[in-house]
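What follows is a short report on a single structure.
The values are calculated or read from the model by the stated rules, or taken from the named source; none is laboratory data. Treat the numbers as computed from the prediction; the structure is a model and nothing was measured. Neighbour counts are summed over all protein chains in view; Cβ atoms, including those assigned to glycine, are modelled from backbone coordinates with ideal geometry. The protein model used for the area step is the full one, side chains on, heavy atoms only, and it has no ligands, DNA or RNA in it. Shrake-Rupley method; radii C 1.70, N 1.55, O 1.52, S 1.80 Å.
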Amino acid sequence: MSATLTRPVDQPAAPFVPAYRFELVKLLVQGRIRAVLLVCLLAPAAFVAVISQQSSLPTDTVFGRWMNATGWAGSLVILAFACSWGLPLLVSLVASDVFATEDRLGTWRHLMVAVRSPRRIFAAKALASLTVTLLLVGCLVASSIIGGLAAVGNHSLIGLDGHVLTAGVAARTVVLAWACVVTPALAFGAIGLLGSVLLGRSPMGLLVPAVLALAMNLALMLPVPVAFRLALPSNAFLAWRGLFTEPASSGPLLIGIVVSLLWTAAATGLAYVIFVRRDFTDLSNDGATRRTLVAAALPLAVLTGATALVLAVASPGSTGTGVEKSKLEASLSTAFSHLYVLQTRELHRPSVTEAQLETSTACDKGGSRVPDHGPGNDWRCVVTWRLPGASATGSAIYQLDVTADGRYIADGDGPKEVNGSFQVRTSTGDTPNPLWQLDGYVDLLDRN
Amino acid sequence: MRSTPAVRARGISKWFGRVIALDEVDLDVGAGQVHGLVGPNGAGKTTLLGLLLGLARPDAGSLEILGTPARQTLVVPDGVAGFVDGPGLYPTLTARQNLAALASLRGTRTSSAVDDALEQVGLGDVADNRVRGFSLGMRQRLGLAAALLTHPRLLILDEPSNGLDPAGKQHVHQVIGRLSDDGVAVVLSSHRMDDVAALCTDVTLLATGRVVFTGPLAKLAAESDENDYRVITSDSAKAAVVAADTPGLRIIEAGDALVVRGPVLAIDHLVIRLVGADVALRELTPVVSPLEAAFLALTHTESPL
Ligand SMILES: Nc1ncnc2c1ncn2[C@@H]1O[C@H](COP(=O)(O)OP(=O)(O)OP(=O)(O)O)[C@@H](O)[C@H]1O
Ligand SMILES: [Mg+2]
């Protein structure tokens, strides 16, 4: 028979690295997650490669019109697509599965007994979902860049104010833009974690973060006050566009990153508190009561309100939509000058600099009865510039479609030889007319 | 040298709201003992095993596991392993991946330990198959293999023979026998007396949270003197009349086959009287085994006829 049993000691909590590795393996063996990763790895490259060769480019999307000119534009089109719906949804779906799986499989107690520390389980799960999020973004970046460079090549890119980014600068800025959207992606990942901790295996756990992401995206399409817009984590999904002007309009972007990090911290913290308080010995406990739901939603609502308030106080202009006549005029003048110089070069005319043009713009929204501010497709602008080597001035008309996020498409309305035709005739043949349609961006926070 | 009992429970009770799942239960399990918990559905077997695993705390009474008082929930003392409510496996992982993950969470890295555990329960051939495709019995055995990884001194198994085919049962029985020889205490539950009879040295019978019997298996068989017998004769009508006259016997069912209940002595009398009445006895069989009868009698479950 056995010897005397020695006094047992309580087992210490399992080390972190195996716990993390276990969570990662559980995620990565799932067919669903693998399929998503595979799609993220292949689809962008295929899309960019195919679309870049087409004659009709996705000009509604920022940089879409430059897809056949440089490989870097393709990656930015993917970035814009991903930011509008795909990324927030994907990330919150991945994250909300991390906790819900254990509820579905009924494995909480076994996991608890194996790891022996709810905190460590939480940390391992949060970090595993973070890893998969980064992996997802990494796949999108690599795939879209490779697709673009392979199909079109490493060429210079025209920024959102018409200035030329050399291939090297374009490469750096594209990677930076992708890096910037990692923070809002994390925020949505954290919201997904919170949803699945709160709602367990109920399908609501998957639905709530997704619905929240969609609701925020819809809110950002409306002419809401800038302070409120910047207080939403989704804003950073749009603000990266500011990197493509000169100088970069980094205000909204930096605020977006900070807000996203605050949301990430708040949602993760809430999820953590709710998670470690849960009673895993009670098998009938599955999801939260209405009270916990409110307790979780309230801090996030307060965070949004407080951020909006701080921004409104710190920047008095931010109670409006941020789309102002003077900003549009300045932005269009700059973009026009840059692109006029480009056109001049394409036509092999005597060279001219932006400064020599002394471009100025006068904009009006919807005639005399409509106040001249706010987004809309009824902006009409007249650009005037000094013709090089002559005392006369030239003028051209643009119709602007300005969206609530500060991005606009200016559509040339004549004269024909300046901006009325989509192509210009050069000595080597017809090439796209850079002045025909142009993308622009105004800094909503800028006080102009 | 006196060995510390693996389990020592005194008067433990557990309530779920207004339902009492365990009512002042005493339990003693010594090292090397294979102890069966038997009882009908809802008797409290799983609840008691959960307490032993540290998944919950008793509401009243004292509980010592391997000599240490049970304290916090979800903190299992070193040396205790097992599972209740299913083996808790991840269906998308292979058998090997499931075990390897558990092994690394416990700080043991050796892949040979995993292979060894899989061999012991007879799952070596399917080690790299996903658990998704495993049958109930294969999952049970994999759960047992997971428990073996930690080299436990107290093994807790909830319905380990559930869903096992004869070969699987044999693997499990062999493993449990070997562990017991090594001095490991095993507490397992079942609602089948024959499983318990094949595996256990000691049993505790539970009925609605109360202990109705605890002790060596041999004592249980002697506990109940009554059993049901099926009697087939040349003249069943006459036999029924004779049986009704026999003192100490009750007729449970009359018909082509007569079923009577009573102590062995009364059955002896019945046979003698039948022969005396010119009725030929063609068959006399106990409806259930003596252990089963004791179980049914003690837990007041109606005999399944
Ligand atoms: N988490 C729980 N919440 C509420 N009641 C519970 C809970 N767990 C068990 N019970 C109740 O406690 C009693 C004992 O249940 P238990 O699962 O221990 O029985 P069992 O003997 O294992 O039954 P079975 O043979 O069906 O597995 C039952 O009445 C059950 O309804
Ligand atoms: Mg049970």
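Out of B:Asp165, B:Asp202, B:Asp228, any idea which swings most in a Gaussian network model of chain B, alpha carbons joined below 10 Å?
It is B:Asp165.
Report, in debye and to the nearest 20, how large the dipole of chain A comes out about its Cα centre when Lys and Arg carry +1 and Asp and Glu carry -1 on their Cβ.
It works out to roughly 1480 debye.
Are there any trypsin sites (Lys or Arg not before Pro) in region A:369-401 that are in a DSSP loop and have at most 13 other Cβ atoms within 10 Å? List them by number.
Qualifying residues, ordered by number: A:Arg369.
Angle, helix A:167-199 long axis vs. longest principal axis of chain A, Cα atoms, 0 to 90°, nearest 10?
40 degrees
Please find, in a Gaussian network model of chain B (springs between Cα atoms separated by less than 10 Å), the residue of B:Val203, B:Val260, B:Val38 whose mean-square fluctuation is greatest.
B:Val260
Give me the dipole magnitude in Debye, nearest 20, for the protein assembly as shown about the Cα centre, with unit charges on the beta carbon: positive for Lys and Arg, negative for Asp and Glu.
My answer is approximately 1480 debye.
Rounded, prolate or oblate: pick one for chain A, where a ≥ b ≥ c are the square roots of the eigenvalues of its C-alpha gyration tensor, a/c under 1.5 means rounded, and failing that, prolate if a/b is larger than b/c, else oblate.
Prolate, because a/c is 1.5 or more and a/b exceeds b/c.
Over 25 Å between Cα atoms, which of A:Lys365/A:Lys416; B:Lys14/B:Lys219; B:Lys45/B:Lys219; A:Lys125/B:Lys14 qualify?
Long pairs (Cα-Cα over 25 Å): B:Lys14/B:Lys219; A:Lys125/B:Lys14.
Any chance you could look up the accessible area of A:Leu339 with a 1.4 Å probe, heavy atoms only, rounded to 10 Å²?
Near enough 10 Å² of accessible area.
Quick check on chain A: helices-only [θ] at 222 nm, where DSSP H runs of length 4 and up contribute -39,500 (n - 2.57) each and the sum goes over total residues. Nearest 500, please.
Mean residue ellipticity at 222 nm (helix-derived): -18500 deg cm²/dmol.
So how do A:Ser326, A:Ser55 rank on accessible area, 1.4 Å probe, biggest first, that is with the largest at the start?
Greatest to least solvent exposure: A:Ser55, A:Ser326.
Which listed residue (A:Val370, A:Leu262, A:Pro225) has the Cα farthest towards the positive end of the charge dipole for chain A, taking +1 on Lys and Arg C-beta and -1 on Asp and Glu C-beta about the Cα centre?
The Cα lying farthest towards the positive end belongs to A:Leu262.
Filter the DSSP H helices in chain B by two things, a Kyte-Doolittle mean of at least -0.5 and an axial alpha-carbon span of 15 angstrom or more, and list the hits by number.
B:95-105, B:136-148, B:264-276
If I ignore ligands, DNA and RNA and count only protein heavy atoms, how much of A:Ser427 is accessible to a 1.4 Å probe, in Å² to the nearest 10?
The value for A:Ser427 is about 100 Å².
For A:Lys26, which aspartates and glutamates qualify as cross-link partners when the Cα separation must be under 19 Å and same-chain residues fewer than eight apart are set aside?
The qualifying aspartates and glutamates are A:Asp97, A:Glu102, A:Asp103, B:Asp128.
Using a 1.4 Å probe and ignoring any ligands, DNA or RNA, find the accessible area of A:Leu232 and quote it in Å² to the nearest 10.
10 Å²
So what are the ³J(HN,Hα) numbers for region A:342-355, from phi and the Karplus equation (6.51, -1.76, 1.60; θ = phi - 60°), rounded to whole Hz, Gly and Pro as x?
Once rounded to whole Hz, the list reads 4, 5, 4, 5, 4, 8, 6, 8, x, 5, 9, 9, 4, 5.
Return a whole-number percent for the relative contact order of chain A, with Cα pairs under 8 Å and 6 or more residues apart as the contact set.
Relative CO of chain A lands at 15 percent.
Per-residue Cβ counts within 10 Å, from other chains only, averaged over B:96-103: what number is that?
Across the residues of B:96-103, the mean count of other-chain Cβ atoms within 10 Å is 3.
Give me the inter-chain shielding for A:22-31: mean count of other chain Cβ atoms within 10 Å, whole number please.
Mean shielding by partner chains, rounded to a whole number: 3.
Give me the percent of DSSP beta bridges within chain A that run antiparallel, rounded to the nearest 5.
100 percent
What FRET efficiency do you get for B:Arg210 and A:Val211 if R0 is 51 Å and r is their Cβ-Cβ distance, rounded to the nearest 0.05?
In this case the efficiency is close to 0.50.
On a 1.4 Å probe surface of the protein chains, which of B:Lys219, B:Lys45 comes out largest in accessible area, and what is the full order?
Result, largest first: B:Lys219, B:Lys45.
Please report how far the C-alpha centroid of region B:274-303 lies from that of region B:85-130, rounded to the nearest whole angstrom.
What the calculation gives is 46 Å, centre to centre.
Under a Cβ-only charge scheme (Lys and Arg +1, Asp and Glu -1), can you give me the dipole magnitude of region B:7-220 about the Cα centre, in debye to the nearest 20?
For this selection, approximately 460 debye.
Need one value for A:103-116: mean number of C-beta atoms belonging to other chains within 10 Å of its residues' C-beta atoms.
That works out to 6 on average.
Quick one: among A:Gly168, A:Gly367, A:Gly414, which has the greatest mean-square fluctuation in a GNM of chain A with alpha-carbon springs under 10 angstrom?
Sorting by GNM fluctuation, first place goes to A:Gly367.
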